[in-house]
């Protein structure tokens with residue numbers, strides 16, 4: 001197998017997995033409502049006259065470019081969300097690109113012909129073997145990367161601050177819980193919980209892909225075993 005295709009797959013497939021899962025989790029409104037109840041965010045007096053579901057849908061609609069931000073949020077929060085929206089738009093583009101490249105790389109492997117330009121049964125078997133290798137290794141890379149990422153929970157607060165300082169070139173993200181609605185809707189524990197869900201869901205998806213890769217790799221052995229079992 002071409003080394004460039006193999007190593008490119010080890011980068012783009014894990015990226016596609018993590019970004020796709022992140023997008024699904026982040027735009028799950030029901031999850032937000034569950035978290036609001038679990039974290040008792042309604043205890044804040046700033047949220048007394050606010051519909052959390054409506055404001056959540058407004059925020060998610062805003063970062064996805066579907067609507068303007070609600071007037072519920074003050075000037076500093078609005079300025080911060082401009083930066084967040086820009087970050088989300090880049091994330092959407094990167095997810096689409098990584099997913100597209102991953103599919104293209106797998107198609108290149110799946111449609112390869114032999115030295116005589118024939119798509120022979122032997123070549124098909126070789127292609128399938130290489131696809132299984134890519135699926136196995138890319139899923140393992142994803143799982144290992146996510147396990148390492150989960151170590152951030154040991155000191156999430158400092159990492160959270162450092163990440164914001166790196167990503168944003170201003171201090172609009174540094175909100176005040178006494179005056180800003182957004183930080184009361186999304187306390188630090190909310191980000192810990194949503195990151196944990198993204199990691200767990202991504203590991204589950206990666207494990208499924210790993211199993212598919214193993215099934216493809218050992219398909220002949222599996223068929224033989226099933227055949228022997230059937231003949232008993």
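The values are calculated or read from the model by the stated rules, or taken from the named source; none is laboratory data. These figures come from a predicted structure and were not determined experimentally. Here the Cβ positions follow ideal geometry from the backbone for every residue, glycine too, while neighbour counts run over all protein chains shown.
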**Request:** Take the residues in the stretch 153-172 that are touching a helix residue (DSSP H, G or I) at 6+ places or on another chain (Cβ under 6 Å) and touching a residue at least 40 places away in the same chain (Cβ under 8 Å), then tell me which one is farthest from residue 213 (Cα to Cα).
**Result:** 172
**Asked** Among the numbered criteria (1) outside any helix (DSSP H, G or I); (2) within 24 Å of the chain's Cα centre (by Cα), which single criterion is violated by residue 72?
**Response** (2)
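Could you name every one of the helices (runs of 4 or more DSSP H) located completely within the stretch 140-232 that has at least 1 residues being under 21 Å from the mean Cα position of the chain (by Cα) and more than 21 Å from residue 10 (Cβ to Cβ)?
Numbers: elements: 156-167, 181-185, 188-217, 219-231.
In the stretch 140-232, 156-167, 188-217 are the helices (runs of 4 or more DSSP H) which contain 1 or more residues that are under 21 Å from the mean Cα position of the chain (by Cα) and more than 21 Å from residue 10 (Cβ to Cβ).
Among 112, 95, which is surrounded by 13 or more Cβ atoms within 10 Å (Cβ to Cβ), in contact (Cβ under 8 Å) with a residue 12 or more places away in the chain and part of a loop (DSSP other than H, G, I, E, B)? It would help to see each step written out before you state the result.
Values: 95 fails: part of a loop (DSSP other than H, G, I, E, B).
From the options 112, 95, the qualifying one is 112.
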**Asked** Checking residue 6 against (1) surrounded by fewer than 19 Cβ atoms within 10 Å (Cβ to Cβ); (2) farther than 22 Å from residue 203 by Cα; (3) over 20 Å from the mean Cα position of the chain (by Cα), which test does it fail?
**Response** (2)
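Residue-by-condition table, conditions (1) touching a helix residue (DSSP H, G or I) at 6+ places or on another chain (Cβ under 8 Å); (2) part of a helix (DSSP H, G or I); (3) modelled with pLDDT of 95 or more:
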residue	(1), (2), (3)
14	yes, yes, yes
17	yes, yes, yes
21	yes, yes, yes
53	yes, yes, no
61	no, yes, yes
**Boolean, residue 105 is without any contact (Cβ under 8 Å) to a residue 40 or more places away in the chain and touching a helix residue (DSSP H, G or I) at 6+ places or on another chain (Cβ under 6 Å)** = no
